[in-house]
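Read-outs: derived from the displayed coordinates by stated rules, not from any lab. Treat the numbers as computed from the prediction; the structure is a model and nothing was measured. Every residue, glycine as well, gets a Cβ built from its backbone with ideal geometry; the counts of neighbours run over all protein chains shown.
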Amino acid sequence: PSAYIALDKKDAVAPVRRRIFGSFVEHLGRGVYTGIYEPSHPSASDEGFRMDVVELVRELGSTTVRYPGGNFVSGFRWEDSVGPRETRPVRRDLSWHSLESNQIGLDEFARWLKLTDSELMLAVNVATRGILPALDLLEYANHPSGTALSDLRIANGTPDPHNVRMWCLGNEMDGPWQTGFMAADDYGKIAARTAAAMKAADKDLELVVCGSSGSGMPTFGDWERTVLEHCYEHVDYVSCHAYYQELDGDLASFLASPIDMAFFIDAVAATADHVGYKKRSSKKINISFDEWNVWYVKEHEESGAVNDEWRHAPRQLEDVYTVADAVVVGSLLMTLLKRSDRVAAASLAQLVNVIAPIMTEPGGPAWRQTTFYPFSITSRLASGEVIRPVIETSTYTTARHGEVPLVDAVATSDDDRAAVFLVNRHLTEAAQVTVDVRGLGSSVITEALTLADSDVYAKNTLADQHRVTPSANTTAKLADGLLTLELPPVSWTAVALG
Ligand code: AHR
């Protein structure tokens with residue numbers, strides 16, 4: 001196939017929002033224990049954090065980290081995880097059928113975030129607790145001093161408030177798998193009251209109300225409408241969650257997963273606006289796409305891998321990603337960027353070991369999965385404004401998403417630099433691409449990297465940690481404002497321009 005792409009600063013969508021490069025750490029499997037925290041590891045800091053993982057998180061370029069769940073939060077008592085470690089209780093986590101030692105809690109995690117230079121996004125347990133525990137957590141986390149809970153934080157060794165800005169009002173409350181899940185009407189009322197109370201404490205908080213756990217949920221659309229009718233004036237974002245995987249050997253459809261993500265975003269934005277118009281509100285509700293990734297969830301469900309032995313930090317959801325998975329992750333991130341006018345924040349789910357770009361071995365190395373690369377490169381190169389391209393290319397037919405463009409792209413443009421991100425979905429053929437960058441004022445290529453492999457199912461593993469890495473795209477040329485390059489089949493590419 002071939003593609004002609006026109007880029008012009010006039011087609012700016014929105015600023016590159018750094019929070020789009022967020023991620024997620026849940027108390028699940030080895031996400032925390034032997035993931036970010038392993039006191040006996042050779043690289044451990046005085047506090048027990050794996051510094052080899054900290055280095056990789058910094059390289060990944062993840063910005064805002066959602067914590068502590070996920071489904072985990074719906075059974076969580078935050079008070080268990082602060083104060084002297086020796087008195088913290090061990091609890092059962094019903095969502096993942098494992099034991100939680102509470103050795104890492106808000107104060108430790110906030111210190112870890114400082115090492116990684118990231119922002120905390122905190123979820124409260126709306127499902128099985130209530131307004132007062134949420135307010136207590138807010139006081140503990142954010143109040144400077146002179147109250148019972150802020151002084152308790154200080155006594156626990158954290159003098160400065162955490163000043164958490166973004167808060168999730170529960171997690172996936174539309175999902176029957178959620179401990180304490182609710183009907184939209186019930187959740188909307190509780191979310192409105194919780195949000196109003198939290199904003200009475202601090203009117204500048206940014207609150208995320210739960211949207212749908214996927215565009216395929218039976219309540220999708222009605223859920224958002226009903227929930228927002230209750231809490232439109234009290235919240236700032238509605239969440240979207242989406243996981244994709246190759247099903248029935250249909251790689252062509254899998255590569256087109258961003259079509260669903262784009263539909264999901266457009267539908268939620270339209271529904272939020274519909275509620276806003278009905279309320280004659282001038283306010284816009286934006287989207288926090290706070291769980292997205294490739295996840296082989298069907299295989300997990302079929303294997304029935306429930307941890308019935310109530311183990312601490314068992315190996316759970318440790319998907320090993322392929323080149324094709326990385327191409328999908330890269331193109332999902334491109335879709336989030338393209339929709340930056342409504343998607344204000346996003347979280348790759350998750351960060352370490354659990355459906356994650358970073359893997360660790362207890363006592364051993366930490367390494368990059370294939371999906372690490374498109375995320376880290378995009379986070380590093382994207383700056384300034386997002387430019388939505390005009391693309392002429394041929395299409396292919398998919399079973400799940402209909403006619404889909406073979407080549408997709410998005411660009412960013414700053415004062416003195418620009419970047420173009422591209423994907424070729426053709427299963428067997430390279431794409432010849434011309435990008436008109438005259439409208440960006442670019443005159444030189446500073447970097448061109450492609451992720452591709454003759455084996456689209458190649459992976460990085462403990463035994464072969466560098467099997468898949470991006471390589472220089474030597475076909476990229478820039479002359480007279482026209483960038484030309486070849487994109488291998490099933491590939492993701494980034495070109496940095498000066
Ligand atoms: O990210 C894994 C799980 O996926 C989260 O706990 C939950 O919110 C979602 O179903």
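When peptides 33-39, 113-119 are sorted by average Cβ neighbour count within 10 Å, with the highest value leading, the order is 33-39, 113-119. Extents of the chain, largest first, come to 66, 58, 45 Å (Cα atoms, principal axes, whole angstrom). In the chain, the DSSP-assigned H stretches of four residues or longer account for a calculated mean residue ellipticity at 222 nm of -8000 deg cm²/dmol, using -39500 (n - 2.57) per stretch and the full residue count as denominator. Here the Debye sum runs over all C-alpha atoms of segment 1-102 as equal scatterers in vacuum, and log10 of I(q)/I(0) at q = 0.12, 0.16, 0.17, 0.22 Å⁻¹ comes out as -0.57, -0.84, -0.91, -1.29. First measure r as the distance between the Cβ atoms of residue 427 and residue 160, then evaluate 1/(1 + (r/R0)^6) with R0 = 41 Å and state the FRET efficiency to the nearest 0.05. Approximately 0.15, to the nearest 0.05. Apply the a/c threshold of 1.5 to the C-alpha gyration tensor of segment 387-497 and tell me whether it is rounded, prolate or oblate. Oblate shape, in that a/c is at least 1.5 and b/c is the bigger or equal ratio.
Where a ≥ b ≥ c are the square roots of the eigenvalues of the C-alpha gyration tensor, would you call segment 233-298 rounded, which needs a/c under 1.5, or, failing that, prolate if a/b is larger than b/c, or oblate? It comes out prolate by the Cα gyration axes. Report D for segment 65-172 in µm² per second (integer): Stokes-Einstein, Kirkwood Rh on Cα pairs, 37 °C, 0.692 mPa s. My calculation gives 232 µm²/s for D.
Output the relative contact order of the chain, whole-number percent, from Cα pairs under 8 angstrom with separation of 6+ residues.
Relative contact order, the chain: 21 percent.
Ordering 83, 98, 67 by Cα displacement along the dipole of segment 67-121 toward the positive end leaves 98 in first place; charges were set at the Cβ atoms of Lys, Arg (+1) and Asp, Glu (-1).
Think of segment 236-320 as having a plus end and a minus end, set by charges on the Cβ of Lys, Arg, Asp and Glu; of 314, 300, 256, 256 sits farthest toward the positive end of this dipole.
Counting only aspartates and glutamates at least 8 places from residue 283 when in the same chain, those with an alpha carbon closer than 15 Å to its own are 204, 206, 229, 233, 236, 273, 341. Rounded to the nearest 10 degrees, the inclination of helix 106-116 to the longest alpha-carbon principal axis of the chain is 30 degrees. Of the trypsin sites (Lys or Arg not before Pro) in segment 431-498, the ones in a loop by DSSP (not H, G, I, E or B) with at most 14 other beta carbons within 10 Å are 467. Between the listed residues 484, 239, 179, the Cα displaced farthest toward the positive end of the dipole of the chain, a dipole computed from Cβ unit charges relative to the Cα centre, is found at 239. Between residue 311 and residue 186, the simple spin-label model (points 7 angstrom out along Cα→Cβ) gives 3.4 nm. Helix 222-231 against the longest principal axis of the chain: what's the angle in degrees, Cα atoms only, rounded to the nearest 10? For helix 222-231, the angle is close to 50 degrees.
Here each label is just a point 7 Å from Cα along the line to Cβ, and for residue 434 and residue 203 those points are 5.6 nm apart. Within a straight-line Cα-Cα reach of under 20 Å, residue 338 can be paired with the following lysines, leaving aside sequence neighbours fewer than 8 residues apart in one chain: 9, 10, 284. The 3J(HN,Hα) values that the Karplus relation (6.51, -1.76, 1.60; θ = phi - 60°) gives for segment 9-18 are, in residue order, 4, 5, 8, 5, 8, 5, x, 5, 8, 4 Hz. Gly and Pro appear as x. If one takes the longest principal axis of the Cα atoms in the chain, at what angle in degrees, from 0 to 90 and to the nearest 10, does the Cα axis of helix 257-278 lie? Approximately 60 degrees, to the nearest ten. Listed by chain and number, the lysines whose C-alpha is less than 20 Å from the C-alpha of residue 459, apart from same-chain residues fewer than 8 away, are 298.
Where both bridge residues fall in the chain, DSSP classifies roughly 60% of the beta bridges as antiparallel. If R0 is 30 Å, what FRET efficiency do you get for residue 151 and residue 193 from their C-beta distance, rounded to 0.05? E(calc), rounded to 0.05, equals 0.65. Note on residue 301 and residue 177: the model spin-label points, each 7 Å out from Cα along the C-beta direction, lie 0.8 nm apart.
Estimate the FRET efficiency between residue 281 and residue 222 by the formula 1/(1 + (r/R0)^6), using the beta-carbon distance for r and 22 Å for R0, to the nearest 0.05.
Rounded to the nearest 0.05, the efficiency is 0.65.
Shown for segment 202-328 is the translational diffusion coefficient from the Stokes-Einstein equation, using the Kirkwood radius over Cα pairs, a temperature of 25 °C and a viscosity of 0.890 mPa s: 146 µm²/s. Charge dipole of segment 387-497 (Cα centre as origin; +1 on each Lys and Arg Cβ, -1 on each Asp and Glu Cβ, all else neutral): 200 debye, rounded to the nearest 20. Alpha-carbon geometry of segment 305-418: the Rg and the Dmax are 17.8, 57 Å, given in that order. Gyration tensor over the Cα atoms of segment 275-335: the corresponding equivalent ellipsoid has semi-axes (square roots of 5 times the eigenvalues, largest first) of 36, 20, 10 Å.
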